[in-house]
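The values are calculated or read from the model by the stated rules, or taken from the named source; none is laboratory data. If you're wondering where the values come from, they're calculated on a predicted model, not measured in any experiment. Note that each Cβ is placed from the backbone with ideal geometry, even for glycine, and that neighbours are counted across all protein chains shown.
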């Protein structure tokens, strides 16, 4: 076991709960929210699962609006596919207001390609997540994201550069893009000149003074989006603000996936606080079948301790019934409190 760093989990402002599908991360995220609310915190649980598992866990309809769940706890479900469609519509409408009329056909073509490109849903989802963090962190004491953090976070870290490449391809079709092309070059870290400020070097600077109005408006739109991800990235890498926690079960595949995810996040200096091993057989479970299962489980628990060495882990017992309402969430919150998270 680790040094007990997980005991500080609920002292953070932003918590990401991730893990392989089916390990119970939505239930754990919801129970953590209940536990934090018992301490007097206002908590918003945000699910990015298109299957709406958060609503299933609390046994009520939530959807894409902030909805009260229980005292001190609110929920929000984001549909990644719908978010992508709305994002494409919004970007297209906005860019058409800024672009020259002879660019509109090319803009429509680029938008159609973007809507069907790999990662479109993830990119739109990440922009929504970034906006929610900055918009809601002052309205709630704790934001809990029920989402697999590895792929999302790695895309978040690379998205500003990807956006620059996409936008550069679009604006190169504008006959008047020479000036803005220079702006894009300055915005791109790999191409930035030392004498030109970038949003990565100085996110509050204004490198666009004196530009033609249309060019400036486009550049400011790009810069604002860059700043959004820059500010979010700073929060995500701040161990005082953000904690990533993995949920896994004592089985081979979740162990392998968790180990890889932890390694990937550490390469980007993302603070991984610990892991919650869910559905551990309680000592009171008896019978020959469960005895053999417990023997196998002991091997996996030892593997978790070995593979996740240096990472604080706590064990949650398997409950007698599935999580499907506030009564079961209270029971799971009690179990979490029993591990020291209170």
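Of all residues in segment 10-20, those that are part of a helix (DSSP H, G or I) and either touching a helix residue (DSSP H, G or I) at 6+ places or on another chain (Cβ under 9 Å) or farther than 12 Å from residue 142 by Cα (or both) total 1.
I'd like the residue in segment 137-155 that is under 9 Å from residue 44 (Cα atoms) and assigned to a strand (DSSP E or B) and, out of all such residues, is modelled with the lowest pLDDT. My answer is 145.
For every residue, the table says whether it meets (1) buried (at least 22 other Cβ atoms within 10 Å of the Cβ); (2) under 21 Å from the mean Cα position of the chain (by Cα).
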| site | (1), (2) |
| --- | --- |
| 15 | yes, yes |
| 46 | yes, yes |
| 67 | no, yes |
| 73 | yes, yes |
| 94 | no, no |
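Any residue in segment 77-86 that is closer than 19 Å to residue 147 by Cβ, touching a residue at least 60 places away in the same chain (Cβ under 8 Å) and in contact with a strand residue (DSSP E or B) (Cβ under 7 Å, 6 or more places away or on another chain)? Within segment 77-86 (the criterion being closer than 19 Å to residue 147 by Cβ, touching a residue at least 60 places away in the same chain (Cβ under 8 Å) and in contact with a strand residue (DSSP E or B) (Cβ under 7 Å, 6 or more places away or on another chain)), the answer is no, since none of the residues qualifies.
Name the one entry in 13, 65 that is touching a strand residue (DSSP E or B) at 6+ places or on another chain (Cβ under 9 Å), farther than 19 Å from residue 324 by Cβ and free of Cβ contacts under 8 Å to residues at least 24 places away in the same chain.
Details: 13 fails: free of Cβ contacts under 8 Å to residues at least 24 places away in the same chain.
Going through 13, 65 in turn, the sole match is 65.
Can you tell me which residues in segment 65-82 are closer than 17 Å to residue 121 by Cα and touching a helix residue (DSSP H, G or I) at 6+ places or on another chain (Cβ under 7 Å)? Lay out the reasoning, then the answer.
Within segment 65-82, the first condition is being closer than 17 Å to residue 121 by Cα, and the residues that meet it are 77-82.
Scanning segment 65-82 gives 77, 78, 80, 81.
Taking each residue of segment 286-297 that is surrounded by 11 or more Cβ atoms within 10 Å (Cβ to Cβ) and looking for partners that are at pLDDT 85 or above with beta-carbon atoms closer than 8 Å, six or more apart or interchain, yields 290/281; 293/281; 294/281; 297/250; 297/280; 297/281.
So how many residues does segment 45-62 have that are without any contact (Cβ under 8 Å) to a residue 24 or more places away in the chain and assigned to a strand (DSSP E or B)?
Step one: list which residues in segment 45-62 are without any contact (Cβ under 8 Å) to a residue 24 or more places away in the chain, which gives 51, 55, 60-62.
Right, trim to assigned to a strand (DSSP E or B) and you get none.
Adding up the residues that qualify gives 0.
Only a single criterion out of (1) out of contact with any strand residue (DSSP E or B) (no Cβ under 7 Å at 6 or more places or on another chain); (2) more than 30 Å from residue 39 (Cβ to Cβ) is not satisfied by residue 234, namely (2).
For residue 58, the criteria (1) within 29 Å of residue 237 (Cβ to Cβ); (2) crowded, with 16+ Cβ neighbours inside 10 Å; (3) touching a strand residue (DSSP E or B) at 6+ places or on another chain (Cβ under 6 Å) hold in every case but one, which is (1). What do you reckon, is residue 264 closer than 30 Å to residue 130 by Cβ, touching a residue at least 12 places away in the same chain (Cβ under 8 Å), under 26 Å from the mean Cα position of the chain (by Cα) and crowded, with 17+ Cβ neighbours inside 10 Å? Spelling it out, it is not the case that residue 264 is closer than 30 Å to residue 130 by Cβ, touching a residue at least 12 places away in the same chain (Cβ under 8 Å), under 26 Å from the mean Cα position of the chain (by Cα) and crowded, with 17+ Cβ neighbours inside 10 Å. If the condition is being over 16 Å from the mean Cα position of the chain (by Cα), surrounded by fewer than 21 Cβ atoms within 10 Å (Cβ to Cβ) and part of a loop (DSSP other than H, G, I, E, B), then segment 21-44 contributes 22, 39, 40, 41, 42. For segment 307-341, residues that are in a helix (DSSP H, G or I) and either farther than 29 Å from residue 271 by Cβ or within 27 Å of the chain's Cα centre (by Cα) (or both) total 13.
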